[in-house]
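Read through the structure below, which is laid out as structure tokens, and then see the notes.
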Amino acid sequence: MTDPVEVRRVRLGVVLLCHARLDVAAHMARIWVQGGARVAIHVDAKASARSVARMQVELSDLPGIVWSRRHTCDWGRFSLVRATQDAARLLLDSFSDVTHVYLASGGLPAAAPGA
């Protein structure tokens, strides 16, 4: 006879690092939040203020999103780590129900079926 398995509620938190294609990143964030996840978004400081403002307006109806302080990020540099750490800390401080954190790139949408 087996013991009953304890079921623990899981709440996904996503750290989304973005630098380009903010429309795609916004779409990804919307899917996660509508599915019950919480999302912290970091947008590279090199992205234009206009495109960031557009993204923020597009996602303003979703309460499960927070915006991390922006850093200028370069591939392979500590700046990416700093951006990730800041966004993860904000995510965990803002949403006490988050149990798991997933790191995602806003510039890499899922592959299309058959691609």
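When the accessible area of the chain is computed with all protein chains present and a 1.4 Å probe, what percentage of it is carbon and sulfur?
56
Can you show me the helix-derived [θ] at 222 nm for the chain, built from DSSP H runs with n ≥ 4 at -39,500 (n - 2.57) apiece and divided by the number of residues, rounded to the nearest 500.
-11000 deg cm²/dmol
Give me the one-decimal nm value for the distance between modelled label points at Tyr102 and Arg9, 7 Å along each residue's Cα-to-Cβ direction.
1.9
List the residues, sorted by chain then number, that are 5 or more residues from Arg38 or on another chain and whose placed amide H is less than 5 Å from its amide H.
Leu12, Gly13, Val14
Assuming a ≥ b ≥ c are the square roots of the Cα gyration tensor eigenvalues, decide whether region 22-110 counts as rounded (a/c under 1.5), prolate (otherwise, with a/b larger than b/c) or oblate.
Cα axes put region 22-110 in the oblate bin.
Can you list residues from other chains, or at least 5 along the same chain, whose modelled amide H is less than 5 Å from the amide H of Trp67?
Distant-sequence amide H within range of Trp67: Ile41.
Angle, helix 49-58 long axis vs. longest principal axis of the chain, Cα atoms, 0 to 90°, nearest 10?
The answer is roughly 40 degrees.
The values are calculated or read from the model by the stated rules, or taken from the named source; none is laboratory data. Computed from a predicted structure; not experimentally measured. Glycine gets a Cβ as well: all are built from the backbone with ideal geometry, and neighbour counts include every protein chain shown. For accessibility, only protein heavy atoms count, side chains too; no ligands or nucleic acids. Shrake-Rupley method; radii C 1.70, N 1.55, O 1.52, S 1.80 Å.
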